[in-house]
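Comments concern the structure below.
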Amino acid sequence: MWCYTWGMDLVEDVRRYVAAHGLLATGDRVVVGVSGGPDSLALLHVLNALRLPLALDLHVLHVHHGLRGEEADADAHFVMALAAEWGLPATVRQADVPAIAAGRKLSVEEAARQARYTHLAEVALEVGAKRIAVGHNADDQTETVLMHFVRGSGLAGLRGMRPSTRLGDYHLLKPLPDGARLILVRPLLATPRAEIEAYCEAHGLQPRFDRSNLDRTYFRNRLRHEVLPLLASLNPGIREVLRRGAEVVAADYEVLEGQADEAWRVCLLAASDQAMQFDLARWRELPLALQRATLRRAVWHLRRTLRDVTFVQVEDAVRVALTGETGAQATLPAGLILEVGYERLVIGEGESLADMPNGPSLAAGETVTVTVPGGASLGDGWRLTIEPYTGGREGAEWDALLAERWATPLDGGALGDCVTVRARQPGDRFRPQGVGGSQKAAHFMVNAKIPARRRDRVPLLVAGEAIAWVAGWRVDERFMVTEATERVVIARFEKPSGGG
């Protein structure tokens, strides 16, 4: 754990902090975010002092948030003039934060943060920088830890900010290009705000004043101006207590993350942009800490713009996942649900498919006609083909065919020249192979443990009025291949992209 020592020269202290945490390497090109306030101004001054010793190539970026009118315009002019005076290249970027906040249903604070990091990333890519430096200080760290605690964050939030972070882990207005590896660094993270202000005064730096820092309608400002002073009246060392606590949590988090990686590998069955599916039995065997960690990670994978998942939300989801019967659900933030299946635990959107193997799925009312032989595509991208089969009916080739989930041999004579693919309808019956009698399709799906919300999307291959195949589950005995079958056809669902 890094401990800041008062009274040291700030440039030397930052140099040591940078070296201790591997924040910058000799010769690095660095984009420096500069608002014009004391933190970013001191950061730029210090990095400029280290520019020759570390052979740094600095590029200044100021983001105009579209707030505070003429004052914000003056901030931008100030930063550009200062960069020119110090001989540093500089860029000003505009962001309409009120429009972003309204369009994405974000707070102004969060919209400004996402806009700022997005522009930092874009400029870094434009100038070929791998490092982005920002001026977060030790007091910012205190406020961040307290903010996450108040919101009910898990260990990841209680770590506070880290000296360096992959920018791709942050919520941006748009994702980074594939292969972009940008690192956000915080060289002043161990430096108290009072020391930064003293440094500015000692070096004749005149920071800009942002009146919005006094606006107590902002959550962070209320913590800074109301909550922390109250806590300090109970414990004058509360700021250091919170920072040290964050370091302890960060070390514990590294251990937990390693175990969570292994739990994720063992339990995860399928992942997509819509849902994460876990082996229910294996997930239930995990220690409670790893159950919480895997659920939080699943939510993060599906909703990367979400800042926090509260303790109550996670605990309710864990309770349902542990004790809920098939079909039980728990509500998660941002439109996500957790659903308990027969053998799977699914976290996804309202259309999450518990206990369903990745396969063809019909949209509501979708019907597809297929000639035999021939093929047709479903709306979800899967394609059904029905082709003659001329191979043997025993041996490795036949066994492999029978083992395919989304393919089956059928009696071509019974099937006829044209079939329909549709969802189940009221009163549907068929004669499942191996059952020895007629059965309602609805009853078969219940017995096959197909989740209720999924049953209307299972493709049925229908010849005339008879169901020939409940795709992925069972052939009707009237269409199965027997010794008397003269012509065999193969019905096969495939996805051209290779999915499923």
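The values are calculated or read from the model by the stated rules, or taken from the named source; none is laboratory data. Given the structure is predicted, the values throughout are model-derived calculations rather than measurements. So basically every Cβ, Gly included, is an ideal-geometry build from the backbone, and we count neighbours across all protein chains shown.
Results, tabulated for the structure shown:
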read-out	value
Leu189 being under 25 Å from the mean Cα position of the chain (by Cα) and either more than 26 Å from Ile238 (Cα to Cα) or touching a residue at least 12 places away in the same chain (Cβ under 8 Å) (or both)	no
Test set (1) surrounded by fewer than 15 Cβ atoms within 10 Å (Cβ to Cβ); (2) more than 19 Å from the chain's Cα centre (by Cα) - Glu143 fails condition number	(1)
Breaking point among (1) crowded, with 22+ Cβ neighbours inside 10 Å; (2) within 24 Å of Leu167 (Cα to Cα); (3) modelled with pLDDT under 95, for Asp75	(2)
Within segment 192-223, considering residues that are in a helix (DSSP H, G or I) and of a type in the set (A, V, I, L, M, F, W, C), the one nearest to the chain's Cα centre (by Cα)	Phe219
Criterion violated by Ala263 - all others in (1) closer than 30 Å to Ala121 by Cα; (2) assigned to a helix (DSSP H, G or I) satisfied	(1)
Test: residue in segment 476-491 that is in contact (Cβ under 8 Å) with a residue 40 or more places away in the chain, within 18 Å of Val368 (Cα to Cα) and over 33 Å from the mean Cα position of the chain (by Cα)	yes
Residues (exposed (fewer than 11 other Cβ atoms within 10 Å of the Cβ) and either modelled with pLDDT of 90 or more or among the β-branched types (Val, Ile, Thr) (or both)) located in segment 368-408	Thr390
Residue that is farthest from Leu362 (Cα to Cα) [pool: residues in segment 409-440 that are surrounded by fewer than 21 Cβ atoms within 10 Å (Cβ to Cβ) and among the aliphatic types (A, V, I, L, M)]	Val435
Selected residue [within 17 Å of Ser107 (Cβ to Cβ) and modelled with pLDDT of 85 or more] from Arg222, Arg181	Arg222
Condition broken by Leu256, with the remaining ones in (1) modelled with pLDDT under 90; (2) under 27 Å from Ala293 (Cα atoms); (3) hydrophobic (A, V, I, L, M, F, W, C); (4) not in a helix (DSSP H, G or I) satisfied	(4)
Val462 in a loop (DSSP other than H, G, I, E, B), touching a strand residue (DSSP E or B) at 6+ places or on another chain (Cβ under 7 Å), over 25 Å from Glu349 (Cβ atoms) and at pLDDT 90 or above	no
Any hit, segment 454-465, residues being of a type in the set (A, V, I, L, M), over 27 Å from Gln274 (Cβ atoms) and in contact with a Lys or Arg (Cβ under 7 Å, 6 or more places away or on another chain)	yes
Residue within segment 224-239 that is loosely packed, with under 15 Cβ neighbours inside 10 Å, in a helix (DSSP H, G or I) and within 19 Å of the chain's Cα centre (by Cα) present	no
Subset of segment 462-472 (residues that are closer than 15 Å to Arg429 by Cβ and in contact (Cβ under 8 Å) with a residue 24 or more places away in the chain)	Val462, Ala463, Gly464, Ala466, Ile467, Ala468, Trp469, Val470
Residue, surrounded by the most Cβ atoms within 10 Å (Cβ to Cβ), within segment 264-302, restricted to residues that are small (Gly, Ala, Ser), within 20 Å of Tyr342 (Cα to Cα) and at pLDDT 90 or above	Ala298
Residues (within 22 Å of Glu195 (Cα to Cα), among the hydrophobic types (A, V, I, L, M, F, W, C) and without any contact (Cβ under 8 Å) to a residue 60 or more places away in the chain) located in segment 45-78	Ala49, Leu50
Sole residue being farther than 17 Å from Leu184 by Cβ and under 30 Å from the mean Cα position of the chain (by Cα), chosen from Val18, Val108	Val108
Residue under evaluation Glu325, criteria (1) acidic (Asp, Glu); (2) in contact with a Ser or Thr (Cβ under 9 Å, 6 or more places away or on another chain); (3) loosely packed, with under 14 Cβ neighbours inside 10 Å, criterion not met	(2)
In segment 128-178, the residues that are assigned to a helix (DSSP H, G or I) and farther than 16 Å from Glu110 by Cα	Ala138, Asp139, Gln141, Thr142, Val145, Leu146, Phe149, Val150, Leu155, Ala156, Leu158, Gly168
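Rundown of residues vs (1) closer than 30 Å to Leu345 by Cβ; (2) in a loop (DSSP other than H, G, I, E, B); (3) touching a Lys or Arg at 6+ places or on another chain (Cβ under 8 Å), yes/no style:
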position: Trp398; (1), (2), (3): no, no, no
position: Leu401; (1), (2), (3): no, no, no
position: Gly413; (1), (2), (3): no, no, yes
position: Trp469; (1), (2), (3): yes, no, no
